[in-house]
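Contents: one structure, followed by commentary.
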Amino acid sequence: NLWDASSPFQDIRVRQAMQMALDLDTISKTYFRGYADPTPFGIVGPAVIGYYVPFAEWPASLKETYTYNVDKAKQLIKDAGHANGFTTHLLVASNFALLDVDYAQILKGYWAKIGVTVNIDVVEQGALWGQVYTHTYQGMTFGIRGMDYDPLVYLRYWGGHSTSPFNSHGLDAKFDSLIEAA
């Protein structure tokens, strides 16, 4: 939870390590039976012509963060001050079909390989969003959000200002100024 100043997620290396620990190709082929495209993309997806930047065009340093690499992920966790790993929580909705408890178990298994122990907290979807929007959950949560075809509308609606009730990302006043400039 980025709202908790003592959270290991305050360190970008932890977030990068947890992304690197996920084998997106294998998850796509197994859990999603080959129907999911494992190619990473940012908050702006390929349908947003004129704003979308394909993964192939990302800088090498950014691509590395989204490439499966357990050894590098372990090193990042260690470099972030967690040589013995750490324990966190993952909040999951019991009734959200797209990202279910089984998927959470897969993530938990990958993260265990880099020393991150994940306790899965299962709640009803309304309770999940209540905790997300009030910043009262422990650790992490996940979800899928739609994409408006105007990225600025999307950024504003889904937390584009630090005072937004939808700011589940932990955005701050610095981001507010970037949105205003855009």
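The values are calculated or read from the model by the stated rules, or taken from the named source; none is laboratory data. What you see is a predicted model, and the numbers here were worked out from it, not measured in a lab. Cβ coordinates were reconstructed from backbone atoms using ideal geometry, including for glycine residues, and neighbour counts include every protein chain displayed. All accessible areas refer to the heavy atoms of the entire protein, side chains included, with ligands and DNA or RNA removed. Shrake-Rupley method; radii C 1.70, N 1.55, O 1.52, S 1.80 Å.
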Regarding the range 23-33, can at least one residue be identified that is part of a helix (DSSP H, G or I) and under 28 Å from THR134 (Cα atoms)? no
Among VAL70, VAL14, VAL48, which is the only one that is among the β-branched types (Val, Ile, Thr) and over 24 Å from LYS113 (Cβ atoms)? VAL48
Scanning the range 31-60 residue by residue, the ones that are within 22 Å of TRP111 (Cβ to Cβ) and touching a residue at least 40 places away in the same chain (Cβ under 8 Å) total 1
Any residue in the range 60-74 that is among the acidic types (Asp, Glu) and either part of a helix (DSSP H, G or I) or open to solvent by less than 70 Å² (accessible area, probe 1.4 Å) (or both)? yes
Selected residue (criterion: surrounded by the most Cβ atoms within 10 Å (Cβ to Cβ)) from residues of the range 121-143 that are among the small types (Gly, Ala, Ser) and under 22 Å from HIS161 (Cβ atoms): GLY143
Scanning the range 4-47 residue by residue, the ones that are within 21 Å of HIS89 (Cα to Cα) and loosely packed, with under 14 Cβ neighbours inside 10 Å total 3
Could you tell me how many of the residues in the range 78-119 are part of a strand (DSSP E or B) and open to solvent by 40 Å² or more (accessible area, probe 1.4 Å)? 4
